[in-house]
Amino acid sequence: MKKPKIDNTKLLYQLISLLFALLLFFYVNYQRIGSTRTSDKNQAPATLMTNRTVRMSMPLTLNVDNDKYFVTGYPEKVKVSLSGPSAMVKAMDNTRSFEVYADLSKLAPGTHTVKFRTAGLNREVNATIEPASAEIRIERRKTITMPVQARFDTGQLASGYAAGTPELGTRTVSVTGGRKAVGRIARVVANVNLPDGTNSTYSRTVPLQAVDSSGNAIEDVVISPAVVHVTVPVGQATSTKTVPLLLEAGDGGVDGKSYSFTSPTR
């Protein structure tokens, strides 16, 4: 039996074709992978360098010795606009990992115009603060203890009713402020606004207020606690009865004399 004759030339062509096919496959895929990597490299910086602006509200921090000084005239919060690379600005907007502050550490007591600054921002992020500054007053700190007085209008009571002594949840409070402001305080009052025609006991939690000798409010102080619960007892007034007034002469008259008595009260 004869063995089949192998065509070496045809086999060689087939091997060469297979080799070229493999080379072409790897070349095309390499080009595709390289193109994808180049696209990613170009896209990443573009995304990072896209500018973005966000606006947010931030608390204002004071760099000052709070045990020694009392500060007034500053806003508790400010508006901040951040501009810069999109990814960085977005991160700051989400985390709020920076602060806005006023540095008062080297200022003496008195009134100063202080510029607000930021800390914790990347150099590529720009910040605009509104307001950018404020006129701030620094005073020596003072704290005193004051009794609380309830104040209300008896004209709001119903006819025939009277109010008793108010009951206070707190009888004394501490008041802190600058020495001058604290020195003007005459009393701390709880203003109770009775409804018109009140004819029963009235209870409310009301804010406390420091006032001077003329009854004017003193704003630049902190009262602790800031509110108090007040109960005003209200009941019927004591009933009255009209009776005649009789005048009688006592000892000391002269015999043979007659006397008459008059009085404006009848």
Protection proxy (average C-beta count within 10 Å per residue), highest first, orders 85-91, 167-173 as 85-91, 167-173
Coordinate range along principal axes, alpha carbons of the stretch 62-114, Å, largest first: 43, 20, 18
Give me the net charge for the shell around V148: Cβ to Cβ below 11 angstrom, other residues only, Lys and Arg +1, Asp and Glu -1. +3
Local electrostatic count at I138 - Lys and Arg +1, Asp and Glu -1, tallied over other residues with Cβ under 13 Å: +2
Dimensionless Rg/Rh of the stretch 86-155 - Kirkwood Rh, Rg from C-alpha atoms: 1.26
In whole Hz, with x marking every Gly and Pro, tabulate ³J(HN,Hα) for the stretch 185-200 from phi via Karplus 6.51 cos²θ - 1.76 cosθ + 1.60, θ = phi - 60°. 6, 9, 6, 10, 10, 10, 7, 9, 8, 6, x, 5, x, 4, 9, 8
What net charge do the residues around V54 carry, taking every other residue with its C-beta under 13 Å from that of V54, with Lys and Arg at +1 and Asp and Glu at -1? +4
Whole-number D in µm² s⁻¹ for the stretch 74-202, Kirkwood Cα-pair radius fed into Stokes-Einstein, 37 °C, 0.692 mPa s: 165
Suppose accessible area is computed on protein heavy atoms with a 1.4 Å probe; arrange L157, L104 from highest to lowest. L157, L104
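At 0.36 nm per residue, and after removing the present C-alpha to C-alpha distance, how many nm does the segment from R52 to N191 gain when stretched out fully? Intermediate results must be reported in sequence, preceding the final value.
Values: separation 139, 0.36 × 139 = 50.04 nm, distance 5.05 nm.
Full extension of this stretch gives 45.0 nm more.
The values are calculated or read from the model by the stated rules, or taken from the named source; none is laboratory data. All values reported here derive from a predicted model rather than from experimental measurement. Neighbour counts are summed over all protein chains in view; Cβ atoms, including those assigned to glycine, are modelled from backbone coordinates with ideal geometry. Calculation scope for accessible area: heavy atoms of the full protein, side chains included, ligands and nucleic acids excluded. Shrake-Rupley method; radii C 1.70, N 1.55, O 1.52, S 1.80 Å.
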